[in-house]
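First the structure, in the form of structure tokens, and then the observations on it.
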Amino acid sequence: MKIVKDWLQQLRGHLFRPISREQALQIAMQALARPVDAEALVCHDTKPPMGRIYELTSEPCWYIFAPWDDHNEPLVIRSRRVILVSKLTGMIHYDGSAGDEG
């Protein structure tokens, strides 16, 4: 079954034009409740080593670190927010904690 899944993923990569870094940032900005500048987002090509994201997908993704939408909250120690945008389809696979607190 994994062979078929990998083959379908490769096929999708050949049929669709990959999502660029700039397109992924635009997709992530649209997912935010409050508008932010692109400079407030940090985009990685691969999974950063410091995060422990529990809902990973086998699909290649852009890892975009974004501010949380609760700007009125006092400063607290917590993990960063990460948005996973598919490089093949532009779909958001995950939007939540990066698991890098502490």
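The Cβ shell under 11 Å around residue 48 holds other residues with a net charge of +1, Lys and Arg each +1, Asp and Glu each -1. Take 81-94, 26-39 and order them by the average number of nearby Cβ atoms within 10 Å per residue, most first; the result is 81-94, 26-39.
Here, each number is a calculation from the coordinates, and none is a lab measurement. Model, not experiment: these values are computed from the prediction. As a convention, Cβ positions derive from the backbone with ideal geometry for all residues, glycine included, and neighbour counts pool all protein chains shown.
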